[in-house]
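Input: a single structure, listed below in structure tokens.
The values are calculated or read from the model by the stated rules, or taken from the named source; none is laboratory data. Nothing here was measured: the structure is a model prediction, and the numbers come from that model. Cβ sites come from the backbone with ideal geometry, for glycine too, and all protein chains shown count toward neighbours.
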Amino acid sequence: MGIFHQPVLVDEVVFYLNCESGKIYVDGTVGGGGHACAILEKTSPDGFLLGIDWDKEAIAESDGRLSPYKGRYQLICDNFANMMQILKASPWKEVDGILLDLGVSFHHLNDPERGFSFLKDGPLDMRMDRRTGPTAAEIVNGLSQKELSEIIYKYGEEKWAKRIAKNIVETRKKTSIKTTLQLSKIVQEAIPRRYWPRKIHPATRTFQAIRIVVNREIENLENFLKEAIYLLKYRGRLVIISFHSLEDRLVKTYFRNWSREGLVKLLTKRPVVPSLEEVRKNPHARSAKLRAVEKRRQNENCHLGKA
Ligand SMILES: C[S@@+](CC[C@H](N)C(=O)[O-])C[C@H]1O[C@@H](n2cnc3c(N)ncnc32)[C@H](O)[C@@H]1O
């Protein structure tokens, strides 16, 4: 099926996390273990990494990839929004660095069975964590036309959202929508052919919107951010890579508010983006934005205002 995932901005992640031996890092989206591997390498011989992912296939993949570093990492299958509880149950309450590399991995997009692909047929699923619902099919068949139109517009930035939602609702009156190619066809039929985007598949934005809702991606990021500052040691670093403007705006707002309250130093005044060379080799990297902060206050003096 090809590679599990090609990580983006690897050198930049290692740099902004300030990876050093003897320190403890959390990779909250360990995926195929690409960033984790670079962190463990850079923190040799005794840095420790706690890797979290809510997809058990990602945990299995990264466990294989990180095996040369046995004894220096631990993997946990959970939501990164639960990081505070995870750390409370661990030997470390605060860590030296936390990484989030948001979104899906190549593995999700390439495996038709996971239901993320508009090119290959599969069940309309799109859950990264298959232990809980709802599936994309439940969302597509269950929400009202207005709700569908709103989410496709908001999370997909799709200007044909109203027509797409209408076509979904008209189709499901006749038959329920169960597969990815069914949905892809409905979206394509809703957009007049002369307005199909030139660089991306016409269903890209709708699939992205539904994926964000299925996985509660914005809520999980916000729940993590509400607690994240307490999880870092003094001078600990938080690095977040986002691929969607709503996520980047959320990260930027939290970081700016923390900085105004004197809790952190902004390490990236503007987001760091991949070089043209990286985008040429890995087109998926093109929308990546990395932001980083360093904590500048001890936890006992860390009283959050309204971030
Ligand atoms: C872009 S991939 C990360 C790739 C990874 N950095 C690498 O080098 O292979 C994002 C990963 O985050 C996971 N993920 C997304 N949201 C999550 C959440 N709320 N909690 C835990 N894992 C999450 C996905 O399952 C996916 O494996």
Just to be sure I understand, how many residues within the range 145-163 are crowded, with 21+ Cβ neighbours inside 10 Å and either more than 25 Å from the chain's Cα centre (by Cα) or of a type in the set (Phe, Trp, Tyr) (or both)? 2
Would you call PRO112 in contact with a helix residue (DSSP H, G or I) (Cβ under 8 Å, 6 or more places away or on another chain) and modelled with pLDDT of 95 or more? no
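One line per residue, one yes/no per condition, for (1) part of a helix (DSSP H, G or I); (2) aliphatic (A, V, I, L, M):
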position: SER117; (1), (2): no, no
position: ASP121; (1), (2): no, no
position: MET126; (1), (2): no, yes
position: ASP129; (1), (2): no, no
position: PRO134; (1), (2): no, no
position: ALA137; (1), (2): yes, yes
position: VAL140; (1), (2): yes, yes
position: GLU150; (1), (2): yes, no
Tell me yes or no: at least one residue of the range 68-82 is acidic (Asp, Glu), without any contact (Cβ under 8 Å) to a residue 40 or more places away in the chain, on the phi < 0 side of the Ramachandran plot and not assigned by TED's automatic domain parsing to the domain that holds LYS281. no
Can you pull out every residue in the range 20-42 that is more than 8 Å from the ligand (Cβ to nearest atom) and in contact with a strand residue (DSSP E or B) (Cβ under 7 Å, 6 or more places away or on another chain)? LYS23, ILE24, TYR25, VAL26, ILE39, LEU40
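One line per residue, one yes/no per condition, for (1) touching a residue at least 12 places away in the same chain (Cβ under 8 Å); (2) at negative phi; (3) within 21 Å of the chain's Cα centre (by Cα):
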residue: GLY115; (1), (2), (3): yes, no, yes
residue: MET128; (1), (2), (3): yes, yes, yes
residue: VAL140; (1), (2), (3): yes, yes, no
residue: LEU143; (1), (2), (3): no, yes, no
residue: ALA165; (1), (2), (3): yes, yes, no
Which pairs turn up if I take residues in the range 10-27 that are over 12 Å from ASP101 (Cβ atoms) and look for partners that are away from the ligand (no atom under 12 Å from the Cβ) and at pLDDT below 95 with beta carbon separation below 6 Å, at least 6 apart in sequence or on another chain? ILE24/TRP92
